[in-house]
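J.: To start, I am sharing the structure in question, which I have written as structure tokens.
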């Protein structure tokens, strides 16, 4: 009888020790610290750039960058803590948001060596179709994002649900989540007012920083295109389609003999005799605005810089 009681006592003590080990606050702290180390080693998050920032902008700017970095990391910790202190069902939205932000930001790190910016979202929403978006995701996805996501998901399963007085209502959970999101928005609005953009960030915070500029993104939406009717009285004998592309090397077009098929549609048109190709030509300028004027008007260089325009000039 004594041995059986002793066994139950040891089991209860072991369960209590495990529960203390995986308390929400401690688990959130460990996970945030682990994520910080993981991203510092695997991504370009900006910690190595702090000495250069001090040399280029001074000690005050360095202090602002460190403060913004600490504040954003604290908010990521609060985000994780909020997920650990809610019911298991309500932890699913936290996991979805976390994994989506990591998938996006790790992809930008893999492709461009940086986190997302407002123009990236502008291009994704207004300048490409679903086919191009799907191809881009398949091309630039970074499998590393799955490692923190799996760890976070396991902790969400292992950390016990709050019980008794610590259990929040649905309204309470909504207010907590809204409070964390509002804090992210306030922080990044404040740092933007200081023109402070270059400082170390965790990937989840980087996504919230971009989303905090959603008002600026909406202001760039051109809206639906205006319908233009055909003003010609008769069908023309020949149509001229003038294609201008940006930042493309002529020697990397399969139309010009490049080994990889980079211009399959133009290749098909060339084979059918529908287009005339003059190969590689030298650009008149290194500025797209000026070059486009020359291509569209046929003017010479003397008039390029003096012609009135509503576009910004090149430096």
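Nothing in this text is a laboratory measurement; each read-out follows from the coordinates by a stated rule. For clarity, every value in this text was computed on a predicted model and none was experimentally measured.
J.: Given axes a ≥ b ≥ c from the Cα gyration tensor, I'd like to know whether the range 2-219 is rounded (a/c under 1.5), prolate (a/b larger than b/c) or oblate.
T.: prolate
J.: May I pose another question? With the cut-off at 1.5 for a/c, could you classify the range 250-304 from its C-alpha gyration tensor as rounded, prolate or oblate?
T.: Judged from the Cα gyration tensor, the range 250-304 comes out prolate (a/c at least 1.5, a/b above b/c).
J.: Send over the Kirkwood Rh of the range 108-152, from the inverse of the averaged 1/r over different Cα pairs, rounded to one decimal Å.
T.: Hydrodynamic radius (Kirkwood, Cα pairs) of the range 108-152 is 11.9 Å.
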